[in-house]
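Notes for the one structure printed next.
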């Protein structure tokens with residue numbers, strides 16, 4: 001049910017601020033396991049937003065009106081579940097690739113839901129996108145900026161479904177409060193705020209790219225880049241091409257260690273990143289070659305529920321521990337959706353040798 005719960009970085013970080021290096025603690029304190037009495041910062045407590053808070057903070061670029069066609073939210077949930085299962089099978093077929101050919105061939109990293117002559121509606125892990133393909137021009141994706149409180153009905157297969165008219169994207173749905181995120185096979189849980197609404201977003205607002213860096217403003221605000229500056233981290237690399245766009249890369253012994261640990265070969269994507277929550281400068285200053293990263297520190301993190309944290313930052317790393325028995329060897333614990341384990345990094349002749357042990361989880 002991932003389609004129902006777009007996870008939004010806007011709820012986790014302050015998107016209009018540039019990431020700041022931690023001054024309260026040294027790099028050693030932020031990166032290494034050092035026990036010092038009274039040095040740990042108390043954990044901020046999550047404060048659940050009220051329905052009034054959600055309405056007041058609902059994205060201003062999304063307009064909504066009450067829909068004349070009434071349907072119970074329970075029926076909508078059942079309908080969505082059926083349609084999502086159909087979609088999961090459909091994307092495996094040649095028919096899907098043929099129908100969305102001109103979009104899919106250029107941008108296979110998206111999953112396509114509907115199309116007209118020049119636009120397609122698509123999704124990735126961040127939510128819904130509008131993909132434009134006009135003539136011989138390259139396909140251009142625009143993030144719609146919908147939040148998890150905007151529940152979108154799965155009407156994409158309806159015979160009369162249209163998502164773009166009068167220079168705006170139109171989608172039916174509800175405004176909800178998500179009280180539990182989805183952890184398969186458990187379904188998410190919702191509280192209704194406004195039922196049977198039509199969301200509309202002006203095309204001009206969707207396509208706005210103030211700094212002309214290749215990402216629309218809504219996406220840059222969402223992931224914490226500067227929508228008015230092509231190079232958010234001032235490292236000389238355009239955000240669109242930067243594999244670590246939020247932090248300038250710095251070459252160091254331990255940055256090289258982290259690169260050896262996490263920079264695994266993966267398909268090149270421009271519109272999807274690996275997210276890491278860390279206070280360690282060595283980690284967020286890596287210069288990855290094989291995949292794109294977004295680093296966030298805990299000062300940027302608004303206190304949130306653990307299910308959000310677990311769902312979005314699916315891999316977690318501990319601080320570095322020096323191995324007591326082997327010189328030039330360092331240990332890091334990690335946990336992901338498959339299990340937990342430990343990483344051993346040994347520095348030999350100026351290079352890092354990485355070994356990984358995993359403890360798999362069984363059952364649900």
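The values are calculated or read from the model by the stated rules, or taken from the named source; none is laboratory data. Just so you know, these numbers come straight off a predicted model, no measurement behind them. All Cβ positions, even for glycine, are placed from backbone atoms using ideal geometry, and neighbour counts span all protein chains on display.
Here are some notes:
- Residue 185 falls short on exactly one of the conditions (1) modelled with pLDDT of 95 or more; (2) farther than 25 Å from residue 221 by Cα, and that condition is (1).
- Members of the stretch 117-162 found to be farther than 30 Å from residue 314 by Cβ and in contact with a strand residue (DSSP E or B) (Cβ under 9 Å, 6 or more places away or on another chain), listed by number: 118, 119, 132, 133, 134, 161, 162
- Filtered residues of the stretch 315-364 (kept if exposed (fewer than 12 other Cβ atoms within 10 Å of the Cβ), at positive phi and not in a loop (DSSP other than H, G, I, E, B)): none
- Condition check for residue 228: in a loop (DSSP other than H, G, I, E, B), surrounded by fewer than 16 Cβ atoms within 10 Å (Cβ to Cβ), out of contact with any helix residue (DSSP H, G or I) (no Cβ under 8 Å at 6 or more places or on another chain) and not assigned by TED's automatic domain parsing to the domain that holds residue 55: yes
- One residue alone among 195, 263 is assigned by TED's automatic domain parsing to the domain that holds residue 152 and modelled with pLDDT under 95, and that residue is 195.
- Counting only residues that are touching a strand residue (DSSP E or B) at 6+ places or on another chain (Cβ under 6 Å) and at pLDDT below 95, the stretch 55-65 holds 0 of them.
Yes or no, residue by residue, for (1) buried (at least 20 other Cβ atoms within 10 Å of the Cβ); (2) assigned to a loop (DSSP other than H, G, I, E, B):
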residue	(1), (2)
237	no, yes
240	no, yes
244	yes, yes
248	no, yes
256	no, no
261	no, no
267	no, yes
282	yes, no
289	no, yes
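- Whether a residue is surrounded by 20 or more Cβ atoms within 10 Å (Cβ to Cβ) and either in contact with a helix residue (DSSP H, G or I) (Cβ under 9 Å, 6 or more places away or on another chain) or farther than 30 Å from residue 210 by Cα (or both) was assessed, and residue 293 passes this test.
- Residues that are in contact (Cβ under 8 Å) with a residue 60 or more places away in the chain and more than 19 Å from the chain's Cα centre (by Cα) within the stretch 204-232 comprise 205, 207, listed in sequence order.
- Some residue of the stretch 327-334 being closer than 20 Å to residue 273 by Cβ, within 21 Å of the chain's Cα centre (by Cα), in contact (Cβ under 8 Å) with a residue 24 or more places away in the chain and in the same structural domain as residue 252 (by TED's automatic domain parsing): no
- Qualifying residue in the stretch 91-105 (condition: outside the structural domain of residue 188 (by TED's automatic domain parsing), farther than 22 Å from residue 201 by Cβ and modelled with pLDDT of 95 or more): no
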